[in-house]
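The values are calculated or read from the model by the stated rules, or taken from the named source; none is laboratory data. Everything quoted here is computed from the prediction, not taken from an experiment. Cβ sites come from the backbone with ideal geometry, for glycine too, and all protein chains shown count toward neighbours.
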Amino acid sequence: MTITVTVHLHNALRRRTPAGWQNRLSLTLPAHAAVRELIERLQLDFPREALLVVVDRRAVSEDHLLQDGDVVHLLPALSGGSARHSYTIPYGRGELSFSLPVPAEILSPRRTPAARDPLSVVRAALADPVGDVSLADFVHARRVAIAVSDQTRPVPYRYLLPPLFATLAALGIADERIMLIIANGAHPPMPPARFRAQVHLSENIAVVSHDCDDTVNLVYCGETAAGTPVWVNRHFHEADLRIVVGNIEPHQFQGYSGGAKGAAIGLAGRETIDANHSLMTHPDAQLGRYDDNPARQDVEAIGRAMGIHFALNAILNQDKQLVSALAGEPIAVMRAGIPQVGAACQVRVEHPFDLVVASPGGHPKDINLYQAQKALAHAALVTRDGGFVILVAACPQGTGSPEFETWVRQRHSLQDVLSTFAAEGFRVGPHKAVQLARDARRVQVRLVSEMEPAQVRSLLLTPAPDLDSALREALTALPSRPRIAIMPQASATAPILDAARPASLSHPLSA
């Protein structure tokens, strides 16, 4: 009898094994094998007393008996005593293990069970929409346009789209009359074939990808009260029924994503996106604010100008599983969904931390730095001036924004980023450099990623070779018993600091 275990080797340990071992490998061992036998099999040239072994998110000894299917993390134990506190944190499509000399506080969304039958939950939402709208009102629609998110959002389309298509079919709307439009916003357009590869679709349903710079395919719909010119995707504009599908979740300056935002920003022209996002400098454009948030209320105005009829939104738990769904008039969907999201995602913090270890939540939240920055923003809210934020984000696609990367590489310092941006005026892309700079100037940021160190430095950030190294540096610089927090799903966590905040933190762009 044998068992098979998956082993994750820390980079420092991989170099201490015979040539050929990878960071992640699968090993077959005798049944009832102990950790000791695994270590001997790897022929690790590393002091046993300095080795940390984590199985099922807890540290174990060499005598621990392994089970078939176990995932074993091997990494060097940090210096500072034998008593350790072990943790794991999402990273890309996997996770990283580490240990700390003092216990850390976990800041994460409240654990919420997934819906037992997600398809039934979505069907129920479509059958009982909120607000003064129903899909049955559009039984004569000749063309239906549905805004869907690109690969940067973990939208559960396998549960949302089939009931939506079935509802439309029951109204006599055939697949040939439906078009999905990938709402890329200012992101590089996602190829339709890639979306099709991820979502099972009828061949009769068309899929196109929005390009915010394709002015030929943009239609002008007027101006909002805030002065935002509204340019919308032509295919969406010309449809008789305009639907947006996505998630409701916290957003660093829009307050919350969801509702009209998927189309109001996702299917807008660059001029519209720039004007709306420039409102992020307003003191009320903050995480978790909706009614008095000027950026979010401008999104609602853009949505009205675009004529968005219907929204279908999911609310996910900490494991990206569908918990509930809401359908109906976009603003009504937001008003019904925000209390649910707030109850799950808001975490109260009494005092700032010396060190925060933050992950956006793994793939796709850390697919690139453009997306991962949101986790840094949330973590910095509860980090003291001069403290450390270790951002653990794989970023396999690099920065995710050529405009951001090109612009920031021409800057010489974080202050140069802020000054130049203020002088040039707001532009999406460079704005990401400002969001990073505002936090990196106040707290010490270390980025653990797959990006090349030289590339990270060119972005005016400090790379760390691995999580262990970043922790060693931070713990050496901090007090002997630092206050430490871990944010495994930082992008979906809305921390609220109860203690009075320094003036420099009154707003992210106040400096």
Point to revise | Test for THR112: is it part of a loop (DSSP other than H, G, I, E, B) and touching a Pro at 6+ places or on another chain (Cβ under 6 Å) | key: no
Study note, to complete from the structure: Exactly one of VAL35, VAL5, VAL53 is under 27 Å from ALA464 (Cα atoms) and surrounded by 14 or more Cβ atoms within 10 Å (Cβ to Cβ), and that residue is VAL53
Practice item. Please verify whether the range 220-230 includes one or more residues that are among the hydrophobic types (A, V, I, L, M, F, W, C), in a strand (DSSP E or B) and in the same structural domain as ALA264 (by TED's automatic domain parsing). Key: yes
Review point. Condition test on SER359, is it surrounded by 19 or more Cβ atoms within 10 Å (Cβ to Cβ) and more than 30 Å from ILE302 (Cβ to Cβ)?
Key: yes
Check your understanding: Taking into account only those residues within the range 312-334 that are β-branched (Val, Ile, Thr) and either out of contact with any helix residue (DSSP H, G or I) (no Cβ under 8 Å at 6 or more places or on another chain) or closer than 21 Å to THR493 by Cβ (or both), which is surrounded by the most Cβ atoms within 10 Å (Cβ to Cβ)?
Key -> VAL333
Review point. Among the residues of the range 418-427 satisfying the criterion of being surrounded by 12 or more Cβ atoms within 10 Å (Cβ to Cβ) and out of contact with any Phe, Trp or Tyr (no Cβ under 9 Å at 6 or more places or on another chain), which is nearest to PRO188 (Cα to Cα)?
Key: PHE426
Review point. Looking at the range 335-346, which of the residues that are within 17 Å of the chain's Cα centre (by Cα) and surrounded by 19 or more Cβ atoms within 10 Å (Cβ to Cβ) is farthest from LEU497 (Cα to Cα)?
Key: VAL341
Exercise for review: Could you check MET451 against (1) more than 26 Å from PRO101 (Cβ to Cβ); (2) assigned to a helix (DSSP H, G or I); (3) under 19 Å from the mean Cα position of the chain (by Cα) and say which number it fails?
Suggested key: (2)
Practice item. Considering only residues that are of a type in the set (Ser, Thr, Tyr) and over 16 Å from the mean Cα position of the chain (by Cα), look in the range 375-419 and name the one that is farthest from HIS431 (Cα to Cα). Key: THR383
Exercise for review: Please enumerate the residues belonging to the range 334-362 that are at pLDDT below 95, assigned to a strand (DSSP E or B) and touching a Gly at 6+ places or on another chain (Cβ under 9 Å).
Suggested key: GLN346
Review point. For residues in the range 288-325 being assigned to a loop (DSSP other than H, G, I, E, B) and under 18 Å from LEU164 (Cα atoms), which is nearest to the chain's Cα centre (by Cα)?
Key: ILE308
Check your understanding: Hey, among the residues in the range 210-219 that are part of a loop (DSSP other than H, G, I, E, B) and in contact (Cβ under 8 Å) with a residue 24 or more places away in the chain, which one's farthest from GLY266 (Cα to Cα)?
Key -> ASP213
Practice item. Give the range 363-395 a look and list any residue that's over 18 Å from GLN252 (Cα atoms), at pLDDT 95 or above and not aliphatic (A, V, I, L, M), or say none. Key: ARG384, ASP385, GLY386, GLY387, PHE388, CYS395
Check your understanding: Does at least one position in the range 69-85 carry a residue that is in contact (Cβ under 8 Å) with a residue 12 or more places away in the chain, touching a strand residue (DSSP E or B) at 6+ places or on another chain (Cβ under 9 Å) and among the polar types (S, T, N, Q)?
Key -> no
Exercise for review: State which residue is surrounded by the most Cβ atoms within 10 Å (Cβ to Cβ) when the search covers only the range 189-208 and only residues that are in a loop (DSSP other than H, G, I, E, B) and touching a Ser or Thr at 6+ places or on another chain (Cβ under 8 Å).
Suggested key: MET190
Review point. Taking the range 150-173 on its own, how many of its residues are in a loop (DSSP other than H, G, I, E, B) and under 18 Å from LEU126 (Cβ atoms)?
Key: 5
Study note, to complete from the structure: Being crowded, with 24+ Cβ neighbours inside 10 Å and of a type in the set (S, T, N, Q) narrows THR383, THR281 down to just THR383
**Study point:** Flag if LEU75 is buried (at least 20 other Cβ atoms within 10 Å of the Cβ) and out of contact with any helix residue (DSSP H, G or I) (no Cβ under 7 Å at 6 or more places or on another chain)
**Key:** no
Practice item. State all residues of the range 378-396 that are among the aromatic types (Phe, Trp, Tyr) and out of contact with any Lys or Arg (no Cβ under 8 Å at 6 or more places or on another chain); if no residue qualifies, say none. Key: none
